Amino acid sequence: MKVELNIDPDCREPRVVVYADRMTPEVEALLRSLAAPPPDAVAAQTERGVALLAVEEIIRVYSEGPRVYAQTPAGAFALKARLYEMERRLEGRGFVRISASELVNARMIEGMDFSLTGTIRLSLRGGIQTYVSRRRVAEIKKLFDVR
């Protein structure tokens, strides 16, 4: 694939044109990457189509049955991605896995209750309560330097 860049001081908006003799998987992948939502947003399904959710507004991402949802202050939105894909996509953005079915935005944690034996109850922004699985307790304690 050839890539060409032309700097034009008169150009007011970037423009991308793809020339190809036919549609190939490589061209399709290129078009998908160019049309992808900005990295600071997650595409969610709504009754009207697709909504872009700002990553910093997402409180948690969880699976319920076969579906994956992103919880925001505005409500829960269905995602097309799988939970492991969302974990990869949100890596390095303050999200932490707390169970096999849930990721939480660490910046949205308002409190931790250690009174339950073997687990932690998290209080998240918006009055949301959720639990850390036994397998992840040590990881969460280490992350927040709790003994």
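Each value in this text was obtained by applying a stated rule to the coordinates, not by laboratory testing. All figures in this text were calculated on a predicted structure; none of them were measured in a lab. Cβ placement follows ideal geometry from the backbone for every residue including glycine, while neighbour counts extend to all protein chains displayed.
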Ordering 20-29, 138-147, 116-125 by per-residue average of other C-beta atoms within 10 angstrom, highest first, gives 116-125, 138-147, 20-29
Dipole of the stretch 72-147, Cα-centred, from +1 at each Lys and Arg C-beta and -1 at each Asp and Glu C-beta, to the nearest 20 debye? 180
Contact order normalised by residue count of the stretch 45-147, Cα under 8 Å, 6+ apart, percent: 18
On a 0 to 90° scale, report how tilted helix 25-35 is relative to the longest principal axis of the chain, with both axes built from alpha carbons and the result rounded to the nearest 10. 70
Dividing the helical contributions, -39500 (n - 2.57) per DSSP H run of n ≥ 4, by the residues of the chain yields a 222 nm value, nearest 500 deg cm²/dmol, of -4500 deg cm²/dmol
Here the net charge surrounding ARG107, from other residues whose Cβ is less than 11 Å away from its Cβ (Lys, Arg +1; Asp, Glu -1), is -1
Rank PRO66, LEU79, LEU30 by how far each Cα sits towards the positive end of the charge dipole of the stretch 5-147 (+1 on Lys, Arg Cβ; -1 on Asp, Glu Cβ) and give me just the farthest. PRO66
With +1 assigned to the C-beta of every Lys and Arg and -1 to the C-beta of every Asp and Glu, and no other charges, what is the dipole magnitude of the chain about the Cα centre in debye, to the nearest 20? 760
